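Laboratory data are not the source of any read-out in this text; all were calculated from the coordinates shown. No experiment lies behind these values; they were computed from the predicted model shown. Note: ideal-geometry Cβ built from the backbone for every residue, glycine included; neighbour counts use all protein chains shown.
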Amino acid sequence: WRWRRTSCLVHFVEERTTGPPSARDVDINNRHPERISSGGEAERKAPMHSTKNGKSKKKPGSGGSGHRLPLDSRIAISGLGVSGLSAAIALRNAGFSDLVVYERDAVFEVEGGVGGDAGGDAENSGGYGGYGLTLTYNPRGPLAELGVLEDVCRADCPSRSHYVFDEKGRVRGYYGNMLRGDESGGGKGRGQRGNLRVPRQALRRIMVGEMLRPRPELGEDGTKSVGVEIRQGKRVVSYEERSPGETAEGMPVRPVWVRFDDGTTDECDLLIGADGIRSAVARTLLSRRRGRDSPALSSPSCPGEKPVPSLSSPGVLLAPAPVPVPVPSRENDPTLSYLGVFLILGLTAPDFFHPLLDERGFHTLDAEGGMRIFTMPYEGSRVEDGERAARRAREEAVAVDSDDTEDGGGTSSKRPSCLRATNLEEASGDGGVSASAAATVKPHRRIMWQLSFRLPSSSDAAALSRAGSESLLDEVRRRVRGWHDPVEAMMDSSEVGSVWGTGLYDRDPELFLHGKKGRASSSSGGNPPSRVVAIGDAVHPMSPFKGQGANQALLDGPLLASWLRRASPDSALRGFAAQMVRRSARAVGASREAARALHFPPEDGDGGDASGGRAGSERRLADSIAGVRPKLVGELLAALDEKGITATLGGGLDKAVRDVVAKLGHERLLELPNSAEVDSGVSSSEVVGGSGGNDAEENISQQKQALSYAASGDTMSLRALTIKCSNVFVDAKDNEGKSCLHLAAEGGHYHATRWLLSEAHLDKDSLDDNGQRAGDLAREHGHSHVHNLLGSLGQELYVLRIPDSNISYHCDCDT
């Protein structure tokens, strides 16, 4: 039904611009949607023209009224941020074979800051260009459609819960599974994390790898490789559109001419502006629709240089720009709205660790001061700590072996050597982490923090953003002095080079609608249909307070590709813009409201109290504790305040909160169904294996599916299955008593094994009917990487080995 709705919208748009489609086309499109993506009729009917040598060929960019864009059209993308990468991958996957991406940096480095999608200005990012993104996990979402979902999941830095505090550390809210599940608060929400926390550069690294991966396509001359070209050091400063035609030499003229800041030019059949919040493409596009010349195009030439000629007729030779054209600053862009909020962001050093930041984060609100801190994991996890400890243990084992063999004494080399916690197959053949290794390997965590605060003047924001990293970090320290632990310690441990700041702006996406709000349509006034479109932050920049910037940018690419394969270019760009604007406008509005609610006192009738901004502002983020009945949250918060339970308890905070809940009464205070049961409509008696119930057969079927997915290493399907039934993995066993973890380890599926351990929380020490653990099966089948993973997380083992023999004895460390 979704496809039919979209198809109807396509035909409606085309009928308004080019007349109704033929009955045959409608019949084919309705009965055979798969043919729409083949290019079939549209490509065969593409206009032809004769070249100088007499051969007929398609016009570049043909596919005007009534014809789809040919697959060999040259499509240029300005910007290699998240939206640009999304568009490049989606168009490549849709079959377009001539794609070029203009990247402003002369040297492309995934680790650096490029583009402008989400959150802030990458140019002010102090060389890191990195910040953490909150991405929605959806097996049918844009990440899956682009083919990168599982790779992104593997880069996920787990964030399982977060508290909301005031500046003194008093609890004001909680999000997580601590109080869900059984009465002891032990519900872990197996696999139920709907969001992924991924560093922006990690996402870009994954997407660039996918974009550059050659895609074999069978053409007339055999198999050819369809990839994407990247042109570095190319910042688009303007463009001009013209009618397709030929030069005097018979060479085709493409409809879009592009100019770069280094004075060079290029041409294409379709230009996609994905160049961020200060997009030159978007600025020029909007100025065209208002009937004014672009400031960039009207820039005067240098003395002695000829001006750039008009491009109103096809075949005009183009002169390069004599000087680079400056890009206007944010504060001088009339299409941007300053939100009155400044944001400073930084990263802690890898050796900084605090229990409240161990695979979790927190918000701290100072509503009276109009300030807010947000933290989230950026690097490191408990699983990675275990793997690092295992590697250290293997290094120790090798070092001890070397000392024994170089001892020189004949008897000393025969002495048994007691090695603690090796999981090096060559040394011991078993798993575990040594006490010595664990003691020397400190937890590796990196935390991203944001401090945002009221700053009404955009000129003050511009000046502060240019102050430099040290000045920005000093400003943060000044503002958070006296706040609860570990805020000040976190700032003291921050790496100066990672700190950057920016004023927050957004833009109304409806500016890009065709013919709306008195704006000129792209085809009004007799002008030819436009072959330029803007996406991502060029259209819908927003504040980061709803975590939607990158998610909206990811959605744009697949949506644009689907429209281009279903309609003529003019209709496709119109339909795409309407759908993108309708969707992103809601996200921009919600993000703007969140910025106001978190940093400004409530207006009259806004639900706050007249005495100050605290109650109204905090109510929007705090006063919510996951698992507690909403009407009783206030009672619980008051009890926590009375007993002095604050952030200073650190790692003991969860237990203290659960103790208070127990005294107030679980049954009265807690919402009994967990989140998975509410979402799926399945009760706990139905999801737990062996419970009987009306859906026992369905439960058995789900367990068989889980075992099959684990045996094949299909992590994506495992994730999808846990959304339906979060506890399906607990009791799933095959006829040999092997669990999902056994089967994943036996097959050598590292990522599935890791997910089952860290997210589904399966017990690595459970035994099958033959008395074997998952690690035993991994070792038996030669999967050392999986065996090391299982060993790194397990019980400490001592290994008693006899040199010059194949005998080794294993015992746990308490023996």
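Tabulated data
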read-out	value
Contour excess over end-to-end distance, with Cα ends at residue 701 and residue 716 and 0.36 nm allotted per residue	3.6 nm
For residue 166, distant residues with modelled amide H under 5 Å away	172, 365
Cα→Cβ-extended label distance, 7 Å offset, between residue 442 and residue 251, nm	6.1
Segment residue 585-residue 335, length gained on full extension (0.36 nm per residue, minus Cα span)	88.5 nm
Computed FRET value (nearest 0.05) for residue 629 with residue 262, which takes r as the C-beta separation and R₀ as 51 Å	0.25
Nitroxide proxy distance, nm - points 7 Å out along Cα→Cβ at residue 736 and residue 243	7.4
Gain in span if fully extended, residue 231 to residue 457, counting 0.36 nm per residue against the direct Cα distance	77.6 nm
Placed amide H near residue 626: partners under 5 Å, 5+ positions off or other chain	174, 175, 176
Calculated FRET efficiency for the pair residue 477/residue 663, C-beta based, R₀ 35 Å, to 0.05	0.35
